[in-house]
Amino acid sequence: EFGIGVAYVHDEKFGGVDIGSYYQFEDRLGLLIGLDENQNSEVAIRYIHYSNGGLNTKNPGLDFLSVGYIYRF
């Protein structure tokens, strides 16, 4: 999974940090790993970065790492 896009955040503060703008750029990179032959079980790992791209002098950026488990029945 790979993607670049634009996001709107309803508040200029996230987790107590001033992110500088309501508008953010989102970069996403993910990997999905099948755990069995039938692809009923999978593990997903994603890294997501948000930044206002210098649209404001405050641009601390936000990084997220997520891990998920998928089971199809």
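The values are calculated or read from the model by the stated rules, or taken from the named source; none is laboratory data. Predicted model, so just to flag it, every value in this text is computed and none were measured. FYI the Cβ positions are ideal-geometry reconstructions off the backbone, even for glycines, and counts take in every protein chain you see.
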Exercise for review: Answer yes or no as to whether VAL6 is in contact with a strand residue (DSSP E or B) (Cβ under 9 Å, 6 or more places away or on another chain) and under 19 Å from VAL67 (Cβ atoms).
Suggested key: no
Review point. What is the residue count in segment 33-46 for residues that are closer than 28 Å to ASP63 by Cβ and surrounded by fewer than 11 Cβ atoms within 10 Å (Cβ to Cβ)?
Key: 1
Revision key, fill the gap. Within segment 33-51, the count of residues that are touching a Lys or Arg at 6+ places or on another chain (Cβ under 9 Å) and part of a loop (DSSP other than H, G, I, E, B) comes to 3
Review point. In this structure, does SER21 turn out to be among the polar types (S, T, N, Q), in contact with a Phe, Trp or Tyr (Cβ under 6 Å, 6 or more places away or on another chain) and over 18 Å from PHE2 (Cβ atoms)?
Key: no
Point to revise | Residue that is surrounded by 14 or more Cβ atoms within 10 Å (Cβ to Cβ) and in a loop (DSSP other than H, G, I, E, B), where the choices are GLY20, GLY30, GLY54 | key: GLY20
**Study point:** Top-ranked residue of segment 24-62 - restricted to ones that are under 15 Å from GLY5 (Cα atoms) and of a type in the set (S, T, N, Q), ranked as modelled with the lowest pLDDT
**Key:** ASN52
Point to revise | First in segment 7-20 and free of Cβ contacts under 8 Å to residues at least 40 places away in the same chain and over 13 Å from ASN56 (Cβ atoms), second anywhere and of a type in the set (S, T, N, Q) and not in a loop (DSSP other than H, G, I, E, B), Cβ under 9 Å, 6 or more apart | key: TYR8/GLN24
Check your understanding: Quick check: is even one residue across segment 21-36 at positive phi and of a type outside the set (Lys, Arg)?
Key -> no
